[in-house]
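J.: Sharing a structure, written as structure tokens. Questions coming.
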Amino acid sequence: MKNGVQIPRIGMGTWQIQDRETMKNLLSRAFEIGYRLIDTAAAYSNEMAVGRAVAEAGIPRDKLFLSDKAWNTYRGYDRVKEACKRSMKKLKTDHLDLYLIHWPASPRLHEDWADINADTWRGMEALYKEGVVRAIGVCNFKARHLEELKKTASTMPMVNQIECHPGMLQKDIVEYCRKEQILIEVSSPLGNGQILGNETLKSIAGEKGRSAAQVCLRWTLQKGMVAIPKTSDTKRLLENYSMFDFELSDKEMEQIDGIPYCGGIGIDSDEVIEFG
Ligand SMILES: NC(=O)c1ccc[n+]([C@@H]2O[C@H](COP(=O)([O-])OP(=O)(O)OC[C@H]3O[C@@H](n4cnc5c(N)ncnc54)[C@H](OP(=O)(O)O)[C@@H]3O)[C@@H](O)[C@H]2O)c1
């Protein structure tokens, strides 16, 4: 990241994994394989399960990269600081490696969305200055959200976690982040599992003797982005991590870039509706 903090190039997404025993088995296997980045969020209702699984795995804290997110009901300077402290307590940690704003305030619900984001960001900057978090960032921010933030921010986000995968290139925001040295961390790198039947991906995967999921993740890696695929299957954990020993040619990268939209989550952050 631009502040010099190192982030693993692949991590484990944990959305929709809540069961404590499942989390323990997955994290234990993930650590054996080599995963060190764990992506969670207050909204996933699994921070305690992650915290317990991490403690039981016995990996030294400085060998782990824990990333968490502040939910939409915890916006503003004081609230975001409170959210961070609550999350750390659940994770049983005294610091986070990366803390993110989960969604920008949406113009659909807030006339003063820009002020709300600026105030939340001030809280994030305070957490960073206090050394409670090693890096701060945002999720699902478009260029206009970041441009607004720039007017008041003293430190711009180090990371923007956005949905980006074959069929959903997000060219505008990716280009903006590159220019601003904001690292892209890809959520739903497998398009939430919906894009893996795409014929181009399957054909390239077949030629390489790999799976479509590995081709997607390798594409992300070669784009210089961090990927956080989620699986609740311990065998797929290894499959998803095994993409450092092959390469996609320029032609294959171009073919994948040309895939039309074929699935994903696809939420527009200007339209997101807030809930509990
Ligand atoms: N910041 C945000 O707003 C945001 C939004 C969405 C996601 N995220 C983060 O990004 C992570 C990943 O996103 P995601 O969970 O939406 O989707 P994803 O990682 O793109 O895809 C997950 C889906 O693909 C399947 N899958 C995983 N590996 C596979 C493989 N090798 N072969 C075939 N299928 C495979 C999984 O099924 P099984 O579990 O059955 O393997 C699951 O259904 C989340 O867990 C979360 O941490 C963040």
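J.: Which one of the conditions (1) of a type in the set (D, E, K, R); (2) away from the ligand (no atom under 16 Å from the Cβ); (3) under 19 Å from the mean Cα position of the chain (by Cα) does LYS142 fail to meet, given that it meets all the rest?
T.: Failed condition: (2).
J.: Taking segment 191-209, which residues are surrounded by fewer than 21 Cβ atoms within 10 Å (Cβ to Cβ), of a type outside the set (Gly, Ala, Ser) and near the ligand (Cβ under 10 Å from one of its atoms)?
T.: Across segment 191-209, the qualifying residues are ASN192, GLN194, LEU196.
J.: Additional query: Quick one: count up the residues across segment 111-133 that are acidic (Asp, Glu) and not in a helix (DSSP H, G or I).
T.: So in segment 111-133, the residues acidic (Asp, Glu) come out as 111-112, 115, 119, 125, 130.
From what's left, not in a helix (DSSP H, G or I): 111-112, 130.
Number satisfying all stated conditions: 3.
J.: Could you check, for segment 232-255, whether at least one of its residues is of a type in the set (A, V, I, L, M), over 23 Å from ALA30 (Cα atoms) and at pLDDT 95 or above?
T.: The answer is yes; a qualifying residue exists.
J.: For segment 51-69, name all the residues that are outside any helix (DSSP H, G or I), in contact with a helix residue (DSSP H, G or I) (Cβ under 6 Å, 6 or more places away or on another chain) and either in contact (Cβ under 8 Å) with a residue 60 or more places away in the chain or away from the ligand (no atom under 16 Å from the Cβ) (or both).
T.: ILE59
J.: What's the number of the only condition in (1) assigned to a loop (DSSP other than H, G, I, E, B); (2) out of contact with any Asp or Glu (no Cβ under 9 Å at 6 or more places or on another chain); (3) of a type in the set (Lys, Arg) that ARG108 fails to meet?
T.: (2)
J.: Moving to a separate point now. Given GLU252, GLU274, GLU239, GLU247, which one is in a helix (DSSP H, G or I) and more than 8 Å from the ligand (Cβ to nearest atom)? Break it down stepwise before answering.
T.: Working: GLU274 fails: in a helix (DSSP H, G or I); GLU239 fails: more than 8 Å from the ligand (Cβ to nearest atom); GLU247 fails: in a helix (DSSP H, G or I).
That would be GLU252, the only listed residue that is in a helix (DSSP H, G or I) and more than 8 Å from the ligand (Cβ to nearest atom).
The values are calculated or read from the model by the stated rules, or taken from the named source; none is laboratory data. Remember, it's a predicted structure, so these values are computed and weren't measured experimentally. Ideal geometry is used to build each Cβ from the backbone, glycine not excepted, and the neighbour counts take in all protein chains shown.
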